[in-house]
1. Return the total of residues in the range 32-75 being buried (at least 20 other Cβ atoms within 10 Å of the Cβ), of a type in the set (S, T, N, Q) and over 26 Å from ALA206 (Cα atoms).
2. Filter the strands (runs of 3 or more DSSP E) completely within the range 135-245 down to those with at least 2 residues that are over 18 Å from the mean Cα position of the chain (by Cα).
3. Residues of the range 29-52 being farther than 30 Å from PRO198 by Cβ and of a type in the set (Ser, Thr, Tyr), which ones?
4. Take the residues of the range 180-237 that are among the basic types (Lys, Arg) and touching a residue at least 40 places away in the same chain (Cβ under 8 Å): which is nearest to VAL154 (Cα to Cα)?
5. Working carefully through the options LEU211, LEU131, LEU166, LEU229, find the one that is of a type outside the set (S, T, N, Q), surrounded by 13 or more Cβ atoms within 10 Å (Cβ to Cβ), touching a Ser or Thr at 6+ places or on another chain (Cβ under 9 Å) and at pLDDT 95 or above.
6. Condition test on GLY65, is it of a type in the set (Gly, Ala, Ser), on the phi > 0 side of the Ramachandran plot and modelled with pLDDT under 95?
7. Could you list all residues from the range 173-191 that are surrounded by 12 or more Cβ atoms within 10 Å (Cβ to Cβ) and either out of contact with any helix residue (DSSP H, G or I) (no Cβ under 9 Å at 6 or more places or on another chain) or of a type in the set (S, T, N, Q) (or both)?
Amino acid sequence: MIVAAQQPYFAPYSGFFLKAMLADVFVLMDSVQFPRGGTWLARNRFKDSVGTMWLSVPVWKKGLGLQKIDEVRICNERGWKRKHLESLKAAYGHAPFFEEHLPFLEMFLATDYERLTDLNLALIRYVFSVLGIHSRLVLLSEIEVNSKEPLLSVEVARRLGATHFLAQKSAGKYLNQNLFRQSGIEPIFFNRRRSAYPQLWSGFVANLSVLDLLFNCGPKSRKIISNELSERDRHFFIPFTAGPG
């Protein structure tokens, strides 16, 4: 059984979902420390007529000291949700598949989520459904592993009965592979390559939120994400990226 882990980002890029496709169990590390500075947990990039467009979720941080990700509360006192919806409509109103996702966006941005984790998880679950990803989503807070890295990932994988722990090749230098093997778990790595797809406006901007891909490419999005897997890795992972049917 392949286990992978990632922090629960806001509107993640396609590589997040490629990793999820390749795993049997995908752990969202929601009970680790929330970064003090800028973070993908509360913002992501989209594309509009002038280039890259950032959308951020305001959260309460001042005077709260160090927080775990699942403790971070959203500041719902501003009109940010209405502004985000207007920005998305202006940027993607003419995208081929935007209208298909608009009902979800309207519902999503009309909901007063209290915690950042709840908002991010709702969006991640929606994208899982649209892309046909059937990996089991597990929250770190649900399995109550209190270790810190480099033991945390090992203990998570062990607790879930993993035979393999999946990470992107670039993350290999941060993992203690010997600790995994001592627990009977084999680390495996994949390479991701940029896969261009049609976008509105001029040029191509890589690594935007996956919503940019869904709005522009609709049903072809899963195949485009699958094609981000390197040729060398595809023979091993093809059963996961192929999808149902």
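The values are calculated or read from the model by the stated rules, or taken from the named source; none is laboratory data. The structure presented is a predicted model; accordingly, all values stated were derived computationally and were not measured. Counting neighbours? That spans all protein chains shown, and the Cβs are built from the backbone with ideal geometry, glycine included.
1. Number satisfying all stated conditions: 0.
2. 186-190
3. As a first pass, look at the range 29-52 and keep what is farther than 30 Å from PRO198 by Cβ: 29-37.
Result: SER31, single match.
4. Across the range 180-237, the extreme among qualifying residues is ARG192.
5. LEU131
6. Working: of a type in the set (Gly, Ala, Ser): yes; on the phi > 0 side of the Ramachandran plot: yes; modelled with pLDDT under 95: yes.
Yes: the conditions hold for GLY65.
7. Result: ASN176, GLN177, ARG181, SER183, ASN191.
Conditions (1) outside any loop (DSSP other than H, G, I, E, B); (2) without any contact (Cβ under 8 Å) to a residue 40 or more places away in the chain; (3) more than 25 Å from SER14 (Cα to Cα), marked per residue:
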site	(1), (2), (3)
GLY37	no, yes, no
LEU41	no, no, no
ASN44	yes, no, no
LYS47	yes, no, no
LEU55	yes, no, no
LYS61	no, yes, yes
LEU64	no, yes, yes
ASP70	yes, no, no
GLU77	no, yes, yes
